[in-house]
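**Q** Shown below is the structure under consideration.
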Amino acid sequence: MPLKIAVLVKQVPDHEAIIQIASERELSIENRYVCSFFDEIAVEAALNIQKKYPDAELIALSAGGKKATDALRRAIALGIDQVEQIGDESIERTESNFIAYALAARLKALQPHLIICGKQAGDDDMASIGPMVAEYLKIPHASAVVSLDIDAGANKIKIGREVEGEIWQLESSLPLLITAEKGLAEPHVPVVTRVMKAMKAKIQQVPLAELGVQEYEQQGRIRRLRYVMPSSRPPVTMMQQPFPLNIEELINHLKEKGVLS
Amino acid sequence: MDFKFTDEQEFFRASVRDAVDRLIRPKIQEIDEADDFPMELWKEFAQLGYLGLRHPEQYGGLESDVITSMIFYEELARGSCGFAMSVTMQILMGTYFIGRFANEEIKQRVLVPAIKGEKIGTICFTEDQSGSDLAGTRTTAVKRDNGWLINGRKMWITNGPICDFCTVLATVDPSKGLDGLSFFLVEKGTDGFSCGQLIHKLGSHGSVTGELIFDNVFVPDENLLGEGAGNGMKYTTDILNEVRVMTALMACAIADEAIIDARKFAQQRVAFGSAISKYQLIRAKFANHWAWYEAARLLAYKAAWMIQEGIECQYECMLAKMFATEMCLSAVDEATRIYGGNSFAMEYPPQRFFRDARFLLFGGGCHEVLQNAIGAAFLRRGSTSK
């Protein structure tokens, strides 16, 4: 049975998109979305494994509506041929716990040996979907992975996690879920033929009804109370003297402010 | 009516923007300062496959439609303007006549490597005494046994100093003016073909521009690109329409980049106790730009759509090129005013936008010539201006 790898991807606001608080409960987000940075690393890591095991099957999954379609098109452009859109736009309004539950329901049927997702989404930085999917599937997971070496024949994988500047080497049997950290792979710029293929691709949809998950608790127990703008930065004080005279000026200034005694 | 791009077109745009952001944008300043052809970037970019955008799949191309190609040109120009000039020369003008008229052997020898970026091409319209006035072409092609003898000099040739092949406009009968023009393929290494002076430009650095010299250059009959001698002009309108809309969209991109950059500056620069973006005269600049930018982009994409639909649109393409370029020149000027004295410093971007935008004035016809043609056409129209 060939190695099967599933990659979870998500569309997030572009880092240059303007995000404002529309009301206590609602954000106003400029309509500029991209595939999450860490998810692209996950896709690239899967493609790297396929270079070692050319018959490996890769599949990308994304939960949501049009934004999920765009994330999957990006996965196709990067090199993954098989993609599935889980649910529809309504799932974007549910708690991440439900999204993980729905993804896990589909993954249970697909039975991949390895699941790779970004270590966190580039929007809410929750870093929750990966570990929750692993929990629902009752498989181990390792987060923030920076290296991997898979041995499909032995059904084993060695991975490295960066911890406080050190690399922590781990070994696991498969199946396993890992979340991708910067350094695991370097996403390439897609060639135009893949872009064109992605443009024209028909995205396979898996309705929630097919997964039988509608009855599951959709909102969870975490309540979003309100959005609050960070307090504005205090004004900048420039030291007037040239270097090195400004060192003494800075020390005096910090003493005046009570930062130094 | 529908003014929306399709989801697929938006995805294509985002993909091109991603490629430009990652490959070209980090090198913009380096390219501008070096003022040389960035060969390594060229090779890297060529590998992505965009150089075959308009050519048939059998030669390695993509056969994309006009709108898709225009989206590409617009996004490409958000990076280095000079590099965009070199790339668009290769995709559109430099290979157009070869793709359309050359025999199979020439296509395999020239077009296939050009699509891979292994050979660099260009087109030669302009001479020292003629540019927009193509009837004034003095380069001659005289019939000889089994071929043509070409003599003349071409000026302002983008990619000229580094080209491996070029499509040369020459007259086969000077007495016939526009009706005597034809296009010929000349390849590097042909006796009598050489590069003359290199032109140091104000802006659009990264594309190399210069003079090409044809001194008794003999090319075989199959290098005549087009059906019959003297029919060059009837094909020129087709390519000029695309060139003009492409130029219009490059102008839109440069204008947008300049104004978005100026907006960031205006929101951060404090004068008289407030960010200058709070002041009405600064806001007026953004308001005016927004209106002109929208109008220019609508004109350009409408013209692109007309080309795609096969609707006669020679004047719409001229209008788009002229209006968008003038809009761009205004935008880059306003950006320098928003930046104030800092715009005069080489370390800030407005000076580069200001220099780059000037180059758009001339390609596809200078505005004085376009206005003359558009005005004459308007006077011939019926009782309304529609």
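Just so it is clear, none of the values below were taken in a lab; they were calculated from the coordinates. Worth saying up front: this structure is predicted, and the values here are computed from it rather than measured. Every residue, glycine among them, receives a Cβ derived from its backbone with ideal geometry; neighbour counts consider all protein chains shown.
**Q** What percent of all Cα-Cα pairs in region A:132-261 falls into each 5 Å bin, going from 0 up to the bin containing the maximum distance?
**A** Reading the bins upward from 0: 2, 7, 8, 8, 8, 9, 13, 12, 9, 6, 6, 6, 5, 2, 0.
**Q** What's the FRET efficiency of residue B:145 with residue B:108 using the Cβ-Cβ distance as r and R₀ = 30 Å, to the nearest 0.05?
**A** After rounding to 0.05, the efficiency reads 0.70.
**Q** What longest region of chain B stays clear of GluC sites (Glu not before Pro) that DSSP places outside H, G, I, E and B and that have at most 12 other Cβ atoms within 10 Å?
**A** The longest such stretch corresponds to B:1-117.
**Q** Using only Cα atoms, locate the centre of region A:108-140 and the centre of region B:8-76, then give the distance between them in Å, rounded to an integer.
**A** For region A:108-140 versus region B:8-76, the Cα centre distance is 35 Å.
**Q** What residue among B:49, B:79, B:206 has the largest mean-square fluctuation in a Gaussian network model of chain B, using Cα springs under 10 Å?
**A** Among B:49, B:79, B:206, the largest mean-square fluctuation in the Gaussian network model of chain B belongs to B:49.
**Q** For an R0 of 60 angstrom, estimate the FRET efficiency from the Cβ-Cβ distance between residue A:216 and residue B:237 and round to the nearest 0.05.
**A** 0.40
**Q** So, with +1 on the Cβ of K and R and -1 on the Cβ of D and E, and no other charges, what is the size of the charge dipole of chain B about its Cα centre, to the nearest 20 debye?
**A** With Lys and Arg at +1 and Asp and Glu at -1, about 1160 debye.
**Q** Cα centroid distance between region B:158-217 and region B:316-345, in Å?
**A** Centre-to-centre (Cα) distance: 30 Å.
**Q** Which FRET efficiency, nearest 0.05, do residue B:178 and residue B:264 yield, Cβ-Cβ r, R0 30 Å?
**A** So the FRET efficiency works out to roughly 0.05.
**Q** Which one of B:350, B:208, B:233 has its Cα pushed farthest toward the positive end of the charge dipole of the protein assembly as shown, where Lys and Arg give +1 and Asp and Glu give -1 at the Cβ?
**A** Comparing the listed Cα positions along the dipole, B:350 ranks first.
**Q** For residue B:44 and residue B:195 in one chain, what is 0.36 nm times their gap in residues minus the Cα-Cα distance, to one decimal in nm? Write out the running numbers ahead of the final one.
**A** Numbers: separation 151, 0.36 × 151 = 54.36 nm, distance 2.58 nm.
Stretched out fully, the residue B:44 to residue B:195 stretch lengthens by 51.8 nm.
**Q** Give me the Debye-computed log₁₀ of I(q)/I(0) at q = 0.12 Å⁻¹ for chain A, equal point scatterers on Cα only, no solvent, two decimals.
**A** Treating every Cα as an identical point scatterer, log10 I(q)/I(0) equals -0.75.
**Q** Helix by helix through chain B, keep the DSSP H runs that span 24 Å or more along the axis on Cα and average at least -0.5 on Kyte-Doolittle, and give those back in order. It would help to have the intermediate numbers written out before the result.
**A** Details: long enough: B:232-268 (53 Å, 0.24); B:280-309 (43 Å, -0.11); B:314-339 (38 Å, 0.24).
In chain B, the long hydrophobic H runs are B:232-268, B:280-309, B:314-339.
**Q** Once a ≥ b ≥ c are taken as the square roots of the eigenvalues of the Cα gyration tensor of the protein assembly as shown, is the result rounded (a/c under 1.5), prolate (a/b larger than b/c) or oblate (a/b not larger than b/c)?
**A** Taking the square roots of the gyration eigenvalues as a ≥ b ≥ c, the protein assembly as shown is prolate.
**Q** Kindly flag which residue pairs out of B:188/B:321; A:51/A:158; B:119/B:302 have an alpha-carbon separation exceeding 26 Å in this structure.
**A** Over 26 Å apart, Cα to Cα: B:188/B:321; B:119/B:302.
**Q** Quick one: grab the alpha carbon gyration tensor of region A:46-183, order the square roots of its eigenvalues as a ≥ b ≥ c, and give me rounded if a/c is under 1.5, else prolate or oblate depending on whether a/b is larger than b/c.
**A** Because a/c hits 1.5 or more and a/b exceeds b/c, region A:46-183 counts as prolate.
**Q** Right, something else. Name the helices (complete DSSP H segments) of chain A with a Cα length along the long axis of 15 Å or more and a Kyte-Doolittle mean of at least 0.5, or state none. Write down the numbers at each step before the final one.
**A** On the way: long enough: A:37-52 (23 Å, 0.17); A:66-78 (18 Å, -0.13); A:96-110 (21 Å, 0.91); A:245-256 (17 Å, -0.35).
Membrane-span-like by this criterion, though nothing is claimed about a membrane: A:96-110.
**Q** In chain A, which longest range has no trypsin sites (Lys or Arg not before Pro) that are both DSSP loop (not H, G, I, E or B) and surrounded by at most 14 other Cβ atoms within 10 Å?
**A** A:33-137
**Q** Label point 7 Å out from residue A:16 along Cα-to-Cβ: which residues of region B:324-355 have amide N under 16 Å?
**A** Answer for region B:324-355: B:349-350, B:353.
**Q** Pick from A:249, A:57, A:89: which is most flexible by mean-square fluctuation in a GNM of chain A where alpha carbon atoms under 10 Å apart are linked?
**A** Between A:249, A:57, A:89, it is A:249 that shows the largest mean-square fluctuation.
**Q** Figure the gain on full extension for residue B:380 and residue B:312 (residue separation times 0.36 nm, minus the Cα-Cα span) and round it to one decimal in nm.
**A** Computed gain between residue B:380 and residue B:312 is 22.9 nm.
**Q** How big is the gap, in Å, between the Cα center of region B:274-304 and the Cα center of region A:157-174?
**A** Cα centroid to Cα centroid, the span is 52 Å.
**Q** Counting DSSP beta bridges with both partners in the protein assembly as shown, what percentage is antiparallel, nearest 5?
**A** That works out to approximately 65 percent antiparallel.
**Q** Under unit Cβ charges (Lys, Arg +1; Asp, Glu -1), what dipole magnitude, rounded to 20 debye, does region B:7-120 have relative to its Cα centre?
**A** 300 debye
**Q** Using Cα springs under 10 Å in a Gaussian network model of chain B, which residue among B:135, B:287, B:262 shows the largest mean-square fluctuation?
**A** B:287
**Q** For a quick check of your reading of the filter: which GluC sites (Glu not before Pro) in region A:143-216 sit in a DSSP loop and have no more than 11 other Cβ atoms within 10 Å?
**A** Those that pass, being in a loop and sparsely packed, are A:164, A:215.
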